[in-house]
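Written below as structure tokens is the structure these notes are about.
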Amino acid sequence: MQPLQILHPDGTLAAAPPVGRDEARRLFAAMVHARVYDRKATAMQKQGRLATYAPFEGQEAAQIGSAAALRPDDWMVATYRDAAAMWMQGYLWEDLLLGRIGDERGGSPPEGVPVLPPSITVGAHMLHAVGLGWAERLRGEDRIAITYFGDGATSEGDFHEAMNFAAVFTVPVVFLCQNNQYAISMPVSRQTASATIAQKADAYGMPGVLVDGNDVFAVLAATAEAVARARAGEGPTLIEALTYRTGPHTTADDPGRYRSGDEAAAWRERDPIDRLRAHLRAEGAWDEAWEQGILDEAAAAIEAAVARAEALEVWHPREIVDGMYAEPTAPLLRQRDALLRDLGES
Amino acid sequence: MAQAINQALHQAMGADDRVVLLGEDVGRTGGVFRVTDGLQEAYGEARVVDTPVAESGIVGAAFGMAVAGLRPVVEIQFMGFTYPAYDQIVSHVGRIRNRSRHRFTAPMVIRFPYGGGIGAAEHHSESTEALYAHTPGVKVAVASGPRVAKGLLLAAIEDPDPVIVMEPIRLYRAIREEVPDGPTIVPLGVAEVVRPGSDVTVVAYGSMLRESLRAAEVLEGAGVSAEVIDLRTVSPLDADTVIASVERTGRAVVVAEGHRTAGMTAEIAALIGERALYSLLAPVERVSGLDTVVPLKRAEQYYVPDAARIAAAAARTMEA
Ligand SMILES: Cc1ncc(C[n+]2csc(CCOP(=O)(O)OP(=O)(O)O)c2C)c(N)n1
């Protein structure tokens, strides 16, 4: 299987791009913006302002390109590493930050944003996208669902159950696997003996598509086709986007222990942002000042998001039981009162 | 009891289009215990879904449906087969409301048969409700007969939060009882004093209610007046009803079919210790299953508590 490619790594075209110049510039701006966030979050973690953070640098095309194929009301169920995709679909940077600061309110996107809080467990969430898409189909709506997961997640039993349910019930769902080559320290060869993840789709009776995940045009084109199939009632698609996380698994990890610097350097040559920049520049659609403007705007927007997230007051211990049920149960209320007594708050 | 549950499902599906049923063999054959008989004919294959054999898949997909605004009612064939779905329940179903601070919720029902008494195969007699009562964010109701089964299930389907409803296998065909025709609800989190008494409180639920009522008959013959409480919901637990009763009687026997250690009897005894110790005239007695796997048919009766063991425990509290 050859991965679908529209932009060569040097930015020249292998095929006609799926979008025009303005949209290509919008994708570029989004990828740059997302990278600013990622680097800011990594820096904040080092300063002790965030809990462990899972950087996505290197995977911007896979996330931005796929999310760009969605309608604003399509469901998204993604992971701890998918902040860029979630942001594209309406989740706020400040809410993503809040989750990493350690505040449940970060799990509550603005009303109407159809994005579930990021899944921390590996694998289980793929089924949630199946249920969401299935519900829309039962109601006769044409909303679809997309789920993001890594190569490691395809080893979980729930990957099988999700793929199987989706295909058996023709559910409008897109499975977007970012094969970033590693699950923490283990290379993809330790997750599967299959030549590709995409080919697993075959066994479930759905199309499987292999794309160059650092080629934003290819990811967008493949996802748009999968979304169109789903919306037309033709069922699920598995997309494997070949990419690489250039940073560590999380800020707690040292990739030097399990992969070579040469390998990482080779992938940096395939950087998704550099690639699109080269293309835009060749088209006369890029200049330094424009990119600087994006960087400045992103930095300002993200600083403002950080400020809002950090300014949110810690909730009163009285509220600790409020999230569990629509109304706190009698045992929870007694436990809360005992806590308040112990804290001298009563 | 199977008929009463079936009636509840009919009424819920008839009244609310959002209610969908998912499970293994629930449609065409109406489920292992025929609880869902006739529902697929009545409401179609889209709403009564025969799923692949995949419990995590069923619960995980139902969770997504619930988040999207449907009201899925899942059947798992036996409690012993809920464990593949436990991760979905503990990691997602019970958490989404809190981790999204109410933005997303999962109002769904997971119902299944549980418990021994019919000499079933291995894994078919589990009574591990303590696992689920120990799981934050879900409620756990246990049916003790047709009327309560119907009322709890209707309440569970209406509830804004996920509810597990357990149905004692041995009662599906065993108990006949007048059940109100209408959609009468049994509120979650509210225990019922089924038989008033003055000497000893017997706290039970599910399959153990009938045994406890039988024990109360025996005790009455011996001049002991037992008050029998049906908890009906083990999470949230209606401690107030239990405590009020124990304060009156001064004695308590706590009964559950599940394992002993860290089981429901431990929780209830601890609550009595915390809140009614000075009313006690005798140590609290526990009657429960053992910390063994449930024995197969030939030795099952040594494991599952019965009326005689409950009555003996009550008699011990009277001697103290
Ligand atoms: C069920 C579960 N098992 C283990 C973990 C710990 N863990 C977190 S991320 C991860 C690796 C996942 O790799 P992959 O799916 O390839 O995604 P990536 O992190 O590379 O984006 C593991 C094992 C977890 N979060 N959940």
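All of the numbers you see were taken from the coordinates with simple rules; none came from a lab. Just so it is clear, the structure is predicted and the values come from calculations on it, not from any experiment. Backbone-built Cβ (ideal geometry, glycine too); neighbour counts: all protein chains shown.
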Open item on the list: I'd like the antiparallel share, as a percent to the nearest 5, of DSSP beta bridges with both residues in the range A:21-314.
Closed with: 10 percent
Task: Debye-sum result for chain B in log10 I(q)/I(0), which assumes one identical scatterer on each alpha carbon, at q = 0.06, 0.07, 0.11, 0.12 Å⁻¹ - done: -0.19, -0.27, -0.65, -0.78
- [ ] Pick out, in residue order, every one of the GluC sites (Glu not before Pro) in the range B:1-93 that is DSSP loop and has at most 15 other C-beta atoms within 10 Å; say none if there are none.
- [x] B:Glu45
TODO: Using Cα positions and a limit of under 13 Å, work out the aspartates and glutamates in reach of B:Lys150, with same-chain residues fewer than 8 apart set aside.
DONE: B:Glu158, B:Glu167, B:Glu177, B:Glu178, B:Asp181
Open item on the list: If you filter the range A:268-340 for GluC sites (Glu not before Pro), then keep DSSP loop positions with at most 14 other Cβ within 10 Å, what is left?
Closed with: A:Glu269, A:Glu283, A:Glu313
Task: Exercise: per-residue mean of other protein chain Cβ atoms within 10 Å, B:69-76 - done: 2
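What value, in deg cm²/dmol to 500, does the helix sum -39500 (n - 2.57) over DSSP H runs of n ≥ 4 give at 222 nm once divided by the residues of the protein assembly as shown?
Helices in the protein assembly as shown give a 222 nm mean residue ellipticity of -12000 deg cm²/dmol.
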Task: Virtual spin-label span in nm between A:Trp290 and B:Thr29, 7 Å along Cα→Cβ - done: 6.5 nm
- [ ] Quick one: P(r) of chain A from all Cα-Cα pairs, 10 Å bins, percents rounded to integers, in order of increasing distance.
- [x] 5, 24, 32, 25, 10, 3, 1
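Can you give the Kirkwood hydrodynamic radius for the range B:2-171, in Å, rounded to one decimal and based on Cα pairs? Please list the in-between numbers first.
Numbers: mean 1/r = 0.0640 Å⁻¹.
Here the Kirkwood hydrodynamic radius works out to 15.6 Å.
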Task: Radius 13 Å from Cβ of A:Ile64, net charge of other residues (Lys, Arg +1; Asp, Glu -1) - done: -2
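Give me the number: length gained by fully extending A:Ala195 to A:Leu340, i.e. 0.36 nm times residue separation minus the C-alpha to C-alpha distance, one decimal in nm. If you can, show how the numbers build up before the last one.
Details: separation 145, 0.36 × 145 = 52.20 nm, distance 5.72 nm.
Computed gain between A:Ala195 and A:Leu340 is 46.5 nm.
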TODO: Quick one: work out the % antiparallel among DSSP beta bridges in the protein assembly as shown, nearest 5.
DONE: 15 percent
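Just to be sure I understand: if I project the alpha-carbon convex hull of the range A:72-175 onto a plane and average over all orientations, what area do I get in nm²? Spell out each step's value before the answer.
Numbers: hull surface 25.3 nm².
Mean projected area of the Cα convex hull: 6.3 nm².
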TODO: Could you pull out the GluC sites (Glu not before Pro) across the range B:80-149 that fall in loop regions by DSSP (anything but H, G, I, E, B) with no more than 12 other Cβ atoms inside 10 Å?
DONE: B:Glu122
Task: the range B:192-319, Cα convex hull volume normalised per residue, Å³ - done: 96 Å³
Task: the protein assembly as shown - convex hull of alpha carbons, volume per residue in Å³ - done: 164 Å³
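Pull up the DSSP beta bridges for chain B and report the antiparallel fraction as a percent, rounded to 5. Intermediate values should be presented prior to the final figure.
Numbers: 5 of 37 bridges.
If we restrict to bridges inside chain B, about 15 percent are antiparallel.
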Open item on the list: To make sure I understand the rule: partners must be aspartates and glutamates, Cα under 16 Å from the Cα of A:Lys200, and not fewer than 8 residues away in the same chain. Which ones qualify?
Closed with: A:Asp151, A:Glu156, A:Asp158, A:Glu161, A:Glu240
